[in-house]
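Enquirer: Here it is: the structure, laid out below.
None of the figures in this text is laboratory data; all of them are computed from the coordinates on show. Please read all numbers here as calculations on a predicted model, not as lab measurements. Glycine also receives a Cβ, built like all others from the backbone with ideal geometry; neighbour counts cover every protein chain displayed.
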Amino acid sequence: MAEEYSREAVFEILGQEVPDKEMQRAESYADRKLERATEMQPEDTATYRSGWYRVLLVADLVKQLAFQDFTLALCELRNYEPKGGIQTNANT
C-alpha cells in the first residue's frame, strides 16, 4: 500500500475513477473524521496521518456516500409514487 495519499490509489481500490466533486466530498468528510479520531485517540495519530489510511478511508467514504445518495433518491421517488404503489410484474 502506498505511503502517500493519492487519488489514483483510491481509484485503484475502487476499480474506477470518481468525479472530482464526489472525491472532494469524500476527502473533506475523511479529513473531519481523521481530525476527530486524532482528538479522541492521540496515541494512534501516526496511523491516522498515514497516507495509506486516508486512501482506505476515502475509498470507503466514496462508497458510503454514493449509497447514501442512492437511498435518499429512492426516498424522494417514493414521494412521487402513485397511490397503490408502483406496479411491477411481481405485484401481478
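Enquirer: So for each of 54-67, 29-42 I average, over its residues, the number of other beta carbons within 10 Å; can you give me the resulting order with the highest mean first?
Expert: Ranking the peptides 54-67, 29-42 by packing returns 54-67, 29-42.
Enquirer: Still on this structure, I have one more. Quote the charge dipole size of the range 7-84 about the Cα centre in Debye, to the nearest 20; the model charges only the Cβ of Lys and Arg (+1) and of Asp and Glu (-1).
Expert: 240 debye
Enquirer: Could you work out the relative contact order of the range 7-84? I mean the mean sequence separation of Cα pairs under 8 Å and 6+ apart, divided by the number of residues, in percent.
Expert: Worked out over the range 7-84, it gives 37 percent.
Enquirer: To continue, here is another question. So what are the three principal axis dimensions of the range 7-84 from its Cα atoms, in whole Å, longest to shortest?
Expert: 56, 29, 16
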